[in-house]
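**Q** I'd like to ask you about the structure that follows.
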Amino acid sequence: MPSSYEYGTFANYSPRGSSELSVTSRKACGAIKRGRVDIIASAIPHLQDPKADILLPFLGPDVTLVPVPRSAPLPDGALWPAKVICDVLHEHGFGKDVQTYLKRTKAVPRSSNSPAAERPLVPVHMESIEAEKPFFVPDKITIVDDVLTMGRTSFACAELLRAACPDAESVSLR
């Protein structure tokens, strides 16, 4: 297993603190987790700013966006915040396409409800997520998560996609 993957992040989340910035970050995080397209789309002008060019390798026109699955298998029509983010990004010209190559097959405890020491480890995520081998393997894949806590889920997804698509370049983005 590689010891690391390249990753980019749009914003930092402050789970604690009473400052206005901390409170605002928690509200934004909650809105993203509820799939609020208006809040997610409010990031687009910032991503189009030249200061965000550092994220271009993750969001370029040659990149396939792949949402990270939620902590439990999704019933048809269920909210999938990472997929909503991918769809909004793609709709605004970021990424070549959106593909749902990853599927949670068995529920794991949600990171947001678990103390750090009790959050699922990478092998647990790998055992509970299935990666589909695409018919046409994309050159570049960016794994998109709604909120990155410790990165274990994203790392497991990157490992599974690297096995399913060994010739693709896998990266992670929140």
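The values are calculated or read from the model by the stated rules, or taken from the named source; none is laboratory data. All of these numbers come straight from a predicted model, not from anything done at the bench. Here the Cβ positions follow ideal geometry from the backbone for every residue, glycine too, while neighbour counts run over all protein chains shown. Ligands, DNA and RNA are excluded from the accessible area calculation, which covers all protein heavy atoms including side chains. Shrake-Rupley method; radii C 1.70, N 1.55, O 1.52, S 1.80 Å.
**Q** Could you check the range 6-26 and list, in sequence order, the residues that are open to solvent by 80 Å² or more (accessible area, probe 1.4 Å) and modelled with pLDDT under 85?
**A** 6, 7, 10, 12, 13, 16
**Q** Sticking with this one: Of the residues 47, 65, only one is surrounded by 17 or more Cβ atoms within 10 Å (Cβ to Cβ) and touching a Ser or Thr at 6+ places or on another chain (Cβ under 9 Å); which?
**A** On inspection, the qualifying residue turns out to be 65.
**Q** Against the definition (at pLDDT 95 or above and either crowded, with 21+ Cβ neighbours inside 10 Å or under 27 Å from residue 37 (Cβ atoms) (or both)), how does residue 87 come out, yes or no?
**A** yes
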